[in-house]
Amino acid sequence: MPASLRELRERRASVSNIKKITRAMELIAASRIIKAQRSARAAEPYARELTRAVSAVATFSNVDHPLTTEPENPTRAAMLLITADRGQAGAYSSSVLRQGEQLTQALHEDGKDVVPFLAGRKAAQFYAFRRREVAGSWSGFSDAPTYAAAREIADALIERFNTPTEEGGVDEIHVVYTRFVSMLTQRPEVIRLLPLEVVEGEEPPEKGDILPLYEFEPDADTVLDELLPLYVASRIQFCLLQAAASELAARQRAMKAATDNAEQLIERLTREANQARQAGITQEISEIVGGANALADSAESE
């Protein structure tokens with residue numbers, strides 16, 4: 001058997017094995033993305049209503065709380081970068097990292113130092129390769145985040161936010177994550193988590209509208225102290241769930257493309273193997289015919 005034919009068959013067998021792996025990963029991602037989408041949708045109403053509650057407390061209480069007060073001269077900002085733990089997801093992690101680099105550059109242009117917090121091994125590898133210091137890193141839950149992980153991240157960020165800047169604290173907290181729009185579209189986004197941007201009550205009420213009345217027990221400061229950690233944890237969990245759904249969708253799409261490419265490569269290798277086999281058969285027939293003619297000529301000459 002010609003060596004070229006053997007090599008083609010070995011390559012075809014190797015690609016067939018790769019196709020089985022990519023197909024299995026595609027099916028796994030497809031089965032898990034439904035649960036991830038359901039979790040993201042289920043977390044959205046709670047996050048939205050909690051944001052409304054915190055915004056309402058900050059708006060109607062006239063409380064000067066550090067988590068809702070804009071600093072006069074912010075000098076340091078924390079950035080939470082949410083990426084994947086594993087690869088095989090196309091440009092998912094690279095898009096988030098690129099968005100994080102743009103945010104870092106924009107904050108530096110505003111005269112702010114950036115304190116990075118990382119969620120996902122891809123972000124940790126990116127910063128470790130460039131030998132950049134990080135304030136915190138978490139991994140192991142990118143495709144199945146839990147509230148416990150979100151609360152751990154939130155506690156670390158709030159602690160750094162409550163620390164004075166001269167002692168290493170931060171004035172702002174930004175989150176870079178990927179929002180799940182559809183199975184075909186996942187969009188990297190940046191949100192400012194703290195200080196809280198109050199959106200409730202900014203527009204004047206229309207005629208006939210009644211402003212809500214609030215009573216705070218024991219007082220508005222205590223309510224904010226209790227609500228804001230929950231708010232930060234819920235927003236981070238929402239971002240983690242959106243990122244998980246986006247990661248699985250990107251992985252399914254990438255593995256489907258890899259499977260399709262493997263099928264095309266198998267077809268091409270099969271065609272080349274058949275051509276090599278036919279060329280080998282033709283060569284063997286030519287050698288047999290040539291040998292027979294040579295024997296015939298030698299017999300006639302005798």
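The values are calculated or read from the model by the stated rules, or taken from the named source; none is laboratory data. Nothing here was measured: the structure is a model prediction, and the numbers come from that model. Glycine also receives a Cβ, built like all others from the backbone with ideal geometry; neighbour counts cover every protein chain displayed.
Check whether at least one residue in segment 52-64 is closer than 25 Å to Thr163 by Cα, modelled with pLDDT of 70 or more and within 10 Å of the chain's Cα centre (by Cα), and report yes or no. Within segment 52-64, none of the residues are closer than 25 Å to Thr163 by Cα, modelled with pLDDT of 70 or more and within 10 Å of the chain's Cα centre (by Cα). Every condition in (1) of a type in the set (Gly, Ala, Ser); (2) at pLDDT 90 or above; (3) under 23 Å from Tyr92 (Cα atoms) holds for Ala144 except the one numbered (2).
Selection within segment 258-282: residues that are surrounded by 13 or more Cβ atoms within 10 Å (Cβ to Cβ) and of a type in the set (A, V, I, L, M, F, W, C). The member of this set that is nearest to Ala29 (Cα to Cα) is Ala258.
Okay, residues lined up against (1) crowded, with 22+ Cβ neighbours inside 10 Å; (2) of a type in the set (Lys, Arg):
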| residue | (1), (2) |
| --- | --- |
| Asp225 | no, no |
| Val232 | yes, no |
| Ile236 | yes, no |
| Cys239 | yes, no |
| Ala244 | yes, no |
| Glu247 | yes, no |
| Ala250 | yes, no |
| Arg253 | no, yes |
| Lys256 | no, yes |
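Could you grab me the full set of residues in segment 93-131 that are in contact with a strand residue (DSSP E or B) (Cβ under 6 Å, 6 or more places away or on another chain), within 18 Å of Ile236 (Cα to Cα) and of a type in the set (S, T, N, Q)? Listed by number, the list holds a single entry, Gln99. The single condition among (1) surrounded by fewer than 15 Cβ atoms within 10 Å (Cβ to Cβ); (2) assigned to a loop (DSSP other than H, G, I, E, B); (3) of a type outside the set (A, V, I, L, M, F, W, C) that Asp85 does not satisfy is (1).
Kindly provide the set of residues from segment 98-127 that are among the basic types (Lys, Arg) and either outside any helix (DSSP H, G or I) or touching a residue at least 60 places away in the same chain (Cβ under 8 Å) (or both), ordered by number.
Within segment 98-127, Arg98, Lys112 meet the criteria.
Summed over segment 142-167, the residues that are in contact with a strand residue (DSSP E or B) (Cβ under 8 Å, 6 or more places away or on another chain) and part of a loop (DSSP other than H, G, I, E, B) give a count of 1.
Residue by residue, here is whether (1) among the hydrophobic types (A, V, I, L, M, F, W, C); (2) surrounded by 13 or more Cβ atoms within 10 Å (Cβ to Cβ); (3) closer than 27 Å to Ser234 by Cβ holds:
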position: Arg9; (1), (2), (3): no, yes, no
position: Ala13; (1), (2), (3): yes, no, no
position: Ile18; (1), (2), (3): yes, yes, no
position: Ile21; (1), (2), (3): yes, yes, no
position: Ala24; (1), (2), (3): yes, no, no
position: Arg32; (1), (2), (3): no, yes, yes
position: Lys35; (1), (2), (3): no, yes, yes
position: Arg38; (1), (2), (3): no, no, yes
position: Ala47; (1), (2), (3): yes, yes, yes
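Could you list all residues from segment 168-180 that are assigned to a loop (DSSP other than H, G, I, E, B) and either in contact with a Gly (Cβ under 6 Å, 6 or more places away or on another chain) or exposed (fewer than 13 other Cβ atoms within 10 Å of the Cβ) (or both)?
Selection gives Gly168 alone.
Any residue at all in segment 265-280 that is over 50 Å from the mean Cα position of the chain (by Cα), assigned to a helix (DSSP H, G or I) and modelled with pLDDT under 80? Checked against the condition, which is being over 50 Å from the mean Cα position of the chain (by Cα), assigned to a helix (DSSP H, G or I) and modelled with pLDDT under 80, segment 265-280 yields at least one hit.
The requirement of being of a type in the set (Val, Ile, Thr) and touching a helix residue (DSSP H, G or I) at 6+ places or on another chain (Cβ under 6 Å) is fulfilled nowhere in segment 135-152; no residue meets it.
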